[in-house]
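To start, the structure under review is shown below, and the notes come after it.
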Amino acid sequence: LRPGRAVDWSLTFDDGGSSAVAVGEELARRGWHAYFFITTGLIGRQGFVDQEAVRSLDESGHVVGSHSVTHPARFASLGERELDREWRDSIDMLADILGRPVRTASVPGGDFRPHVATAAARAGISLLFTSEPRLATREIAGCVVAGRYSVTARTSARLASEAAAGRRSAWARQAAGWHARRAAKAVAGRRYYALRRHFMRPRG
């Protein structure tokens, strides 16, 4: 990826849930490769990939990257030392598992500000994905920062295909909602996350 350039589409998956194994196998069967970003503090826990699965994703041709160690809810609010630790410890663990350096990452919770990329660059990360629906890449402190279009169960095949084709109208619609949520987070602060947890809590 080069700064300032809209690129061909890629698939990315965050967190490192155990479903990544089946997803990776199906993509490999089709000859497709994706980015899988792993929260390293959850490796081996119930519902998440273990070290063998991480190696399997890598051996299948997928790119394995960092999604931090602990997945803090307000990642950009961490201090410099905490940011450095989240990035460095996570890529070091992945490098130990894979036997080679890891240079890609995605921002937990989409909570991005420029200093997050600066910390990533200090840790040796050269490609960082955010959750901002942004077509063009940019460079911060030597780290290429790329946006993403989020596809969920509610996303129609038509919208997904338009986004993959680089249709600016599709990206602009999602960007409008993304910026509105970002403004709400800035105003509400911690209360935003408390309310989000309340409304997303399973009802019994």
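What the phi angles of the stretch 39-53 give under the Karplus curve with 6.51, -1.76 and 1.60, with θ = phi - 60°, is a coupling list of 7, 5, x, 9, 4, x, 7, 4, x, 10, 5, 9, 4, 4, 5 Hz, glycine and proline written as x.
So what's the back-of-envelope 222 nm ellipticity for the chain, counting only DSSP H runs of four-plus at -39500 (n - 2.57) apiece and dividing by all residues, rounded to 500?
Working: 7 runs with 88 residues, N = 204.
Here the helix-only value at 222 nm equals -13500 deg cm²/dmol.
What the phi angles of the stretch 123-139 give under the Karplus curve with 6.51, -1.76 and 1.60, with θ = phi - 60°, is a coupling list of 7, x, 7, 10, 9, 10, 9, 9, 9, 6, x, 9, 6, 7, 8, 8, 10 Hz, glycine and proline written as x. Amide H contacts for F129 (H built 1.01 Å from N in the peptide plane; partners 5 or more residues away or on another chain; cut-off under 5 Å): A105, S106, V107, A146.
Taking a ≥ b ≥ c as the square roots of the eigenvalues of the Cα gyration tensor, the chain is rounded, since a/c falls below 1.5. Scalar couplings 3J(HN,Hα) for the stretch 79-84, obtained by applying the Karplus form with A = 6.51, B = -1.76, C = 1.60 to θ = phi - 60°, are x, 4, 5, 5, 4, 4 Hz; x denotes Gly and Pro.
Towards the positive end of the charge dipole of the chain, with charges on Cβ (+1 Lys, Arg; -1 Asp, Glu), say which of S156, G31, I43 has the farthest Cα. The residue sitting most towards the positive pole is S156. The protection proxy used here, the mean number of other Cβ atoms lying within 10 Å of each residue, ranks peptides 138-144, 11-17, 161-167 as follows, highest first: 11-17, 138-144, 161-167. Just to confirm a number: summing +1 for Lys and Arg and -1 for Asp and Glu over residues other than R81 whose beta-carbon lies under 13 angstrom from that of R81, what do you get? Residues close to R81 contribute a combined charge of -2.
Considering only alpha-carbon pairs that sit under 8 angstrom and 6 or more positions apart, the relative contact order computed for the stretch 61-177 is 20 percent.
Which whole-number percent gives the relative contact order of the chain, counting Cα pairs below 8 Å spaced six or more residues apart? Provide the component values of the computation, followed by the final result.
On the way: 335 pairs, mean separation 35.0, N = 204.
Relative contact order comes out at 17 percent.
Rounded, prolate or oblate: which fits the stretch 112-184, taking a ≥ b ≥ c as square roots of the Cα gyration tensor eigenvalues, rounded meaning a/c under 1.5, else prolate when a/b beats b/c? Prolate shape, in that a/c is at least 1.5 and a/b is the bigger ratio.
Remark on T12: its backbone amide H falls under 5 Å from those of Y35, a criterion applied only to residues 5 or more positions apart or on other chains, H modelled at 1.01 Å from N.
Bear in mind that the values in this text are calculations on the coordinates, not laboratory data. All values derive from a computational prediction rather than experimental measurement. Glycine also receives a Cβ, built like all others from the backbone with ideal geometry; neighbour counts cover every protein chain displayed.
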